[in-house]
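These notes concern the structure reproduced below.
Nothing in this text is a laboratory measurement; each read-out follows from the coordinates by a stated rule. Since we're looking at a predicted model, the values are computed, not measured. For neighbour counting, all protein chains shown are included, and Cβ atoms are generated from backbone atoms with ideal geometry for every residue, glycine included.
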Amino acid sequence: MNPLLKKFDLAPFSKIKNEHFKPAFLKAIEDAREEIHVITSNTDAPTFENTITVLEFSGQQLDRISSVFFNLNSAETNEEIQKIAQEVSPLLAEFSNDITLNKDLFKRIKKVYQQRGELNLSIEQSTLLKKRYKSFSRNGANLTEDKKKRLREIDAELSKLNLKFGENVLAETNKYEMHLIDENDVDGLPNGAKEAAAQLSKSKDKKGWLITLDYPSYIPFMKYAKNRELRKELSLAFGSKSFKGDDLDNQETVLKITRLRHERAKLLGYATHAHFVLEERMAETPKKVHSFLNELLEKAKPAAEREFKQLESFAKELDGIERLEKWDGSYYSEKLKQKLFNLDDEQLKPYFKLENVIEGVFKVAEKLFGLQFEQVFDIDKYHEEVKTYRVQDAEKNFIAIFYADFHPRAGKRGGAWMTSFKSQWKKDNENVRPHISNVCNFTPSTETKPSLLTFNEVTTLFHEFGHGLHGMLANTTYPSLSGTSVYWDFVELPSQVLENWCYEKEALELFAKHYETGEVIPMELVQKIKESAAFQEGMATLRQLSFGLLDMSWHGADPTDITNVKAHETVVFSGTNLYPDTPETCMSTAFAHIFQGGYSSGYYSYKWAEVLDADAFAYFKEEGIFNKKVAAKFKNHVLSKGGTENPMVLYKRFRGAEPKVEALLERAGLLEEGT
Ligand SMILES: [Zn+2]
């Protein structure tokens, strides 16, 4: 029998064959449809139990199959799995569309929603009901037929435009190459980057070196290439993507996308697209996002201007640069950073043997939350490199299964992420515990050396483990509110806050020991890491804020009157510019985050999450980074609560107040008075 269609607890990896997936998906979708049908054909009046609860626990087998399959497609894929993914993804999309458009189902949910005041619901139940109702209403379920029709037209048009936007940017990126013949022109590039450029040139049957607009080629050139004219050429090519008035130009597309988004929001009863998006965010309103961005701007700007002056005089002193331009920024910053810190990865790596770092993060979790990680060898896994752990709390209660898959291999996509094979929920007096996984691509061991992590890899490990704790410590009734199922601008709090322990003496002493001598990492090195992490943070902050403000300028007000993309941008950037403007470049026409991907009205959340994590960690610093009381509050009010309540309420219960920007400013070194 198909192992995916049996009830299983641990994912039965060794029994699954690729041919099991598609039939399992088909059957599970059919079963889930039947479960929905049971709700809609119920002749009893709709109640929370017979509608919302039943819906919440429908399709569970389908969820389990999906999580096994899509995790494999990310961590251990092959052509066959990719082909299955292409076949089943439309089926899943169709199934979820059928639910959102199911009028009978919505009718019942709406009935329950309208009676919510009299139902004596718990907070978690109210949250679930609202979330369910909104998933329909935000898709137009309450609209009249002709308005519904217009909404579908807009959605179809928008998905085409988003696609076109991305295709144009990609085509521009791929079209450009800078072919260099003279070795002097690649002067300054590190060997690795030089070799890669030569390799690329060779692969196209050319001599010399090829530089492209792909990040791995573009970034090192801007950082290290001595030839200023070439840096200028590359920088302008990068900045003018889809802004040349030809058939790959995105100006018209930007205007169309923002206008359609605005129309869509108005149709659904929202003032702007940003109001629509932010309704389901911790920040809640465009007003709040604006005041957040502007407060940070006001406080970060003096530091940014100071740093810029320092960079200007450094460049002038070094090379007699009279006017610092955009294409000088990375180059002189890198030189200045080397001069100030002279810190490189190789110095730090011996202190961060992978096994020690894992032990370290487990110890941190034990000291904070009483968790015990025991490696076990009887759990089915999808690759022999995966490690499996049974997690218990201090009272020996079973908490979770934790999978860790650390090294790159063919079949694993790049990056690092947390995921789950099973979420957590409570039903029939049972607290069903989750199966959580961390997947990364860390430097593997060699024949002569163990796996030694860069400091960046260490913080990545802590980051993903923080997401992991959010999953493992989940303690909610409903699976769709469990663990990391929280608002977008809240989800990075547990992960980012955990990174802070990587900079603390008390924590580093637990694990940062030289792999040969056992010597604990010298604190001068740690201090250097901290200072170099804060290097030019003012300028970096200003840059992030300018993107956030640009995003809000397109989505937080009626865009109908904007007819000139560049002119609009120039006004928005006037408060954040450090470098002279270049008329041939434009940010919006290649701002894929907000015009292709799903970050519209969400760019602010990068900084928002930093403010949250710095403010939360400041509380730990005040009371001691391993203070049990603060840790318990963090666990009880944040980690275990998932999306059961408004995140601001949860946060305030933990911290006693709304997050303030000061802790971030201090950590980033933006408060000091400079000269
Ligand atoms: Zn993250």
Where in the stretch 350-455 are there chymotrypsin sites (Phe, Trp or Tyr not before Pro) that are in a DSSP coil and have at most 13 other Cβ atoms within 10 angstrom of their Cβ?
F377
Full-stretch length increase - Q375, F57 - with 0.36 nm per residue and alpha-carbon distance subtracted:
111.3 nm
For the chain, what does the helix formula give at 222 nm: sum of -39500 (n - 2.57) over DSSP H segments with n ≥ 4, over the residue count, nearest 500 deg cm²/dmol?
-17500 deg cm²/dmol
Sorted on mean Cβ neighbours within 10 Å (highest first), peptides 153-166, 488-501 come out as 488-501, 153-166
So for each of 223-232, 243-252 I average, over its residues, the number of other beta carbons within 10 Å; can you give me the resulting order with the highest mean first?
223-232, 243-252
Output the antiparallel fraction of DSSP beta bridges having both residues in the chain, as a percent to the nearest 5.
85
Pairs beyond 18 Å (Cα-Cα), from K223/K349; K301/K566; K194/K241; K149/K266; K301/K339; K131/K287:
K223/K349; K301/K566; K194/K241; K301/K339; K131/K287
Output wanted: per-residue J couplings in Hz (rounded whole) for the stretch 130-137, from phi through Karplus 6.51 cos²θ - 1.76 cosθ + 1.60, θ = phi - 60°, x for Gly and Pro.
5, 4, 5, 4, 5, 4, 8, 5
What whole-number distance in Å separates the alpha-carbon centres of the stretch 116-157 and the stretch 232-261?
35
Set the Förster distance to 45 Å, then compute FRET efficiency between E395 and L5 from the Cβ-Cβ distance, nearest 0.05.
0.80
Work out the P(r) tail for the chain: percent of alpha carbon pairs separated by more than 42 Å, whole number.
31
Return D581, D428 ranked ascending by Cβ neighbour count within 10 Å, so the fewest neighbours appear first.
D428, D581
With the 8 Å Cα cutoff and a minimum separation of six or more residues, the chain has a relative contact order in percent of 16
Cβ-based exposure ranking for I219, I52, I99, in which fewest neighbours within 10 Å come first:
I219, I99, I52
Gain in span if fully extended, L267 to L163, counting 0.36 nm per residue against the direct Cα distance
35.1 nm
Identify the GluC sites (Glu not before Pro) of the stretch 307-389 meeting these criteria: DSSP loop state and at most 10 other C-beta atoms within 10 Å of the C-beta.
E322, E384
Grab the beta carbon distance between E19 and N577, set R0 = 56 Å, and tell me the FRET efficiency rounded to 0.05.
0.45
Rounded to whole angstrom, the alpha-carbon centroid of the stretch 329-364 lies from that of the stretch 601-625 at a distance of 22
Put a dot 7 Å past each Cα toward the Cβ at A85 and D187; how far apart are the dots in nm?
4.5
DSSP beta bridge pairing in the stretch 382-519, given as percent antiparallel to the nearest 5
75
Added length on full extension, which subtracts the Cα-Cα distance from 0.36 nm per residue, M523 to K204:
110.0 nm
Give me the one-decimal nm value for the distance between modelled label points at R116 and E252, 7 Å along each residue's Cα-to-Cβ direction.
4.3
Can you compute the FRET efficiency between Y606 and A45 using 1/(1 + (r/R0)^6), with r the Cβ-Cβ distance and R0 = 60 Å? Round to the nearest 0.05.
0.85
Fewest-first ordering of D63, D104 by Cβ atoms within 10 Å yields D104, D63
Measure up K148/K256; K175/K316; K232/K316; K134/K412 against 24 Å on the Cα-Cα distance and list the ones that go over.
K175/K316; K134/K412
As a test of the definition: which semi-axes, in Å, follow for the stretch 233-392 when you take the square root of five times each eigenvalue of its alpha carbon gyration tensor? Largest first, please.
41, 34, 21
Taking amide hydrogens as modeled 1.01 Å from N in the peptide plane, which residues meet the under 5 Å criterion relative to S437, leaving out close sequence neighbours?
Y403, T419, S420, F421
